[in-house]
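First comes the structure, then the notes that go with it.
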């Protein structure tokens, strides 16, 4: 049943019609647990609340289903407005984005122009931008763009996914750039031709790439709610004498809040990924696909 639900949520997350329907009901369906709101100022207030107990953030303006240059440029404008709002408010947050929201599927040149605009503005504010990794079909072009951007910008990082077979080699390839990486397990549905199908293999690969990137001396963001992975990371950095300012833990907004706070108390940097925007449905479905047990939470909210 869990596999059926996971496949269902992944399919719904890609549905334009389901996305349009969800907008009619709004975040009260249960998505408000995972999405900070629909406006920039709502997201800023969410960051401010986290900052009060020592957590930092990365904001992501959700932009699913971009199919025109106009939509892509609007998404880029929202990224720039978010960076401006962070600077004006004084909260501690950087920016995450998906390049498909900037028109990557329309034109690489369109996406690159927007990336340069965003990175220029982030540099003006002394801020940092994280490129989210999407499905396997976008992996190579995302890495190619990242490498090209790194020739001119040092305030940009990218994400690698442990469930892909290729990731160990990608870690090796990016080492010479001193890449700032967020390492995740991976949340997209992929075929066994490109990704490990079993959790135990994903976990082992995850541990391997964490070790590799930390040992290379590059800044590492370990993005996981898995306490076994977190404990593994803590033990590894302790054994190798790696300073706490060379890595951070990252978690999602609305998930494992007590664990986040405990890690802060232990002296670790914890960054919370905070999504916002009107196109929240695809993101919400991916969270349900990761943990179908959250469905009960959603049903309770629908019945209120």
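The values are calculated or read from the model by the stated rules, or taken from the named source; none is laboratory data. Only a predicted model underlies this, so the values are computations on that prediction, with no experimental measurement involved. Glycine gets a Cβ as well: all are built from the backbone with ideal geometry, and neighbour counts include every protein chain shown.
Listing for the model above:
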item	result
Number of positions in the stretch 164-182 that are farther than 19 Å from residue 194 by Cβ and out of contact with any strand residue (DSSP E or B) (no Cβ under 6 Å at 6 or more places or on another chain)	5
Residue count, the stretch 31-48 (criterion: in a helix (DSSP H, G or I) and under 18 Å from residue 91 (Cα atoms))	9
For residue 177: the one exception among (1) in contact with a helix residue (DSSP H, G or I) (Cβ under 6 Å, 6 or more places away or on another chain); (2) assigned to a helix (DSSP H, G or I); (3) over 25 Å from residue 200 (Cβ atoms)	(2)
Where residue 173 falls short, out of the listed (1) under 16 Å from residue 218 (Cβ atoms); (2) surrounded by 15 or more Cβ atoms within 10 Å (Cβ to Cβ)	(2)
Meets criteria (in contact with a strand residue (DSSP E or B) (Cβ under 6 Å, 6 or more places away or on another chain) and at pLDDT below 95) for residue 213	no
Residues that are modelled with pLDDT of 95 or more, part of a loop (DSSP other than H, G, I, E, B) and in contact with a helix residue (DSSP H, G or I) (Cβ under 9 Å, 6 or more places away or on another chain), drawn from the stretch 128-153	128, 132, 133, 152, 153
Top-ranked residue of the stretch 177-205 - restricted to ones that are surrounded by 19 or more Cβ atoms within 10 Å (Cβ to Cβ) and under 16 Å from residue 158 (Cα atoms), ranked as modelled with the lowest pLDDT	186
Residue identified as at pLDDT 95 or above and within 14 Å of residue 182 (Cα to Cα) among 249, 232, 236	249
All positions within the stretch 49-76 that are touching a helix residue (DSSP H, G or I) at 6+ places or on another chain (Cβ under 9 Å), farther than 27 Å from residue 268 by Cβ and assigned to a helix (DSSP H, G or I)	69, 71, 72, 73, 75, 76
Candidates 83, 62, filtered to the one that is at pLDDT below 95 and under 25 Å from residue 248 (Cα atoms)	62
Residue list for the stretch 240-249, filter: in a helix (DSSP H, G or I) and in contact with a helix residue (DSSP H, G or I) (Cβ under 8 Å, 6 or more places away or on another chain)	240, 244, 246
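Yes or no, residue by residue, for (1) free of Cβ contacts under 8 Å to residues at least 60 places away in the same chain; (2) part of a loop (DSSP other than H, G, I, E, B):
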residue: 218; (1), (2): yes, yes
residue: 221; (1), (2): no, no
residue: 229; (1), (2): yes, no
residue: 232; (1), (2): yes, no
residue: 238; (1), (2): yes, no
residue: 251; (1), (2): yes, no
residue: 260; (1), (2): no, no
residue: 267; (1), (2): yes, yes
residue: 272; (1), (2): no, no
